[in-house]
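Just below is one structure, and these are the notes that go with it.
The values are calculated or read from the model by the stated rules, or taken from the named source; none is laboratory data. Source: prediction; values computed, not measured. Don't worry about glycine lacking a Cβ; one is built from the backbone with ideal geometry, like all the others, and counts go over all protein chains shown. Only protein heavy atoms, including side chains, enter the accessible area calculation; ligands, DNA and RNA are left aside. Shrake-Rupley method; radii C 1.70, N 1.55, O 1.52, S 1.80 Å.
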Amino acid sequence: RSTLSSSSAASDVYKRQAYDLTPLDIDRERANLEQVFAQLDAQTVRVDFLPAPVTLARLEKALQDQHYHVLHFVGHGSIGTRHNKKAGLYLQDKEGATNIVSGQAFARMLAHQHTRPDLVFLAACESAKSATGDAFRGIAQQVVQAGVPAVVAMQGSVSMATARQFSAECYRGLLRHGIVDLAVNQARSVLLTEERPDALLPVLFMRLRDGTLWERQSS
């Protein structure tokens with residue numbers, strides 16, 4: 001199985017500050033994922049990291065070139081402003097500056113893929129939250145509607161430490177048994193035990209009947 005990880009860290013500092021975005025520690029996020037998957041050999045799991053600039057077009061090209069089972073995004077998300085209520089992800093433009101991509105555009109890109117990832121993991125604030133009364137207008141909800149079997153996202157402003165630990169625990173569970181809802185619940189339980197105030201922000205949306213994302217391989 002293969003995983004594509006993309007981290008959006010705008011090089012345009014002024015623009016990032018204008019959006020009030022917290023800087024990301026890309027090296028630490030990468031090390032976190034590498035540590036989780038290091039327990040498996042390269043023939044079982046391969047993890048690729050999309051280098052900057054992380055544009056929507058480059059992300060699509062990577063998905064077209066390789067069938068990735070998981071798309072993991074580390075970055076910022078938003079339900080919008082008072083004047084623009086559309087949910088979006090903060091990606092980059094060709095020069096590496098901050099570029100807001102609407103949830104609709106992100107979902108549309110995934111819908112156009114011949115083979116979509118089994119799981120999209122959005123380690124981004126408000127990626128599961130809708131600014132309106134329409135429960136299907138959030139980014140994660142739109143991605144599920146685009147045909148992705150399972151989406152993990154955040155309901156509100158989650159700390160980077162919580163998102164990092166949650167993703168690690170969630171992937172460890174998936175690697176053990178392949179059941180995505182069980183993995184999410186187990187990861188959330190760890191956060192609750194540690195009494196993290198944002199432990200309930202990670203949520204799962206899925207189209208699967210029994211939660212089985214991958215069949216467990218016999219050893």
Given the criterion assigned to a strand (DSSP E or B), closer than 30 Å to Trp214 by Cβ and modelled with pLDDT of 90 or more, identify the matching residue among Leu110, Leu89, Leu63.
Leu89
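In region 1-15, how many residues are small (Gly, Ala, Ser) and modelled with pLDDT of 70 or more?
Number of matching residues: 3.
Residue by residue, here is whether (1) surrounded by 23 or more Cβ atoms within 10 Å (Cβ to Cβ); (2) in a strand (DSSP E or B); (3) modelled with pLDDT under 95; (4) touching a Pro at 6+ places or on another chain (Cβ under 9 Å) holds:
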| site | (1), (2), (3), (4) |
| --- | --- |
| Leu122 | yes, yes, no, no |
| Lys129 | no, no, yes, no |
| Gly133 | no, no, yes, no |
| Val158 | yes, no, yes, yes |
| Ala161 | no, no, yes, no |
| Arg172 | no, no, yes, no |
| Arg196 | no, no, no, no |
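Rundown of residues vs (1) in contact with a Cys (Cβ under 7 Å, 6 or more places away or on another chain); (2) of a type outside the set (A, V, I, L, M); (3) without any contact (Cβ under 8 Å) to a residue 12 or more places away in the chain, yes/no style:
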| site | (1), (2), (3) |
| --- | --- |
| Ser157 | yes, yes, no |
| Met160 | no, no, no |
| Phe166 | no, yes, no |
| Cys170 | no, yes, no |
| Leu174 | no, no, no |
| His177 | no, yes, no |
| Leu182 | no, no, no |
| Ala187 | yes, no, no |
| Leu191 | no, no, no |
Just checking, how many residues over region 66-86 are farther than 26 Å from Ala168 by Cβ and either surrounded by fewer than 16 Cβ atoms within 10 Å (Cβ to Cβ) or at pLDDT 90 or above (or both)?
5
Is it the case that Val143 is buried (at least 22 other Cβ atoms within 10 Å of the Cβ) and assigned to a strand (DSSP E or B)?
no
Across region 16-30, what is the total count of residues that are open to solvent by 50 Å² or more (accessible area, probe 1.4 Å) and modelled with pLDDT of 75 or more?
7
Of (1) within 24 Å of Leu63 (Cβ to Cβ); (2) assigned to a helix (DSSP H, G or I), Arg176 fails just (1)
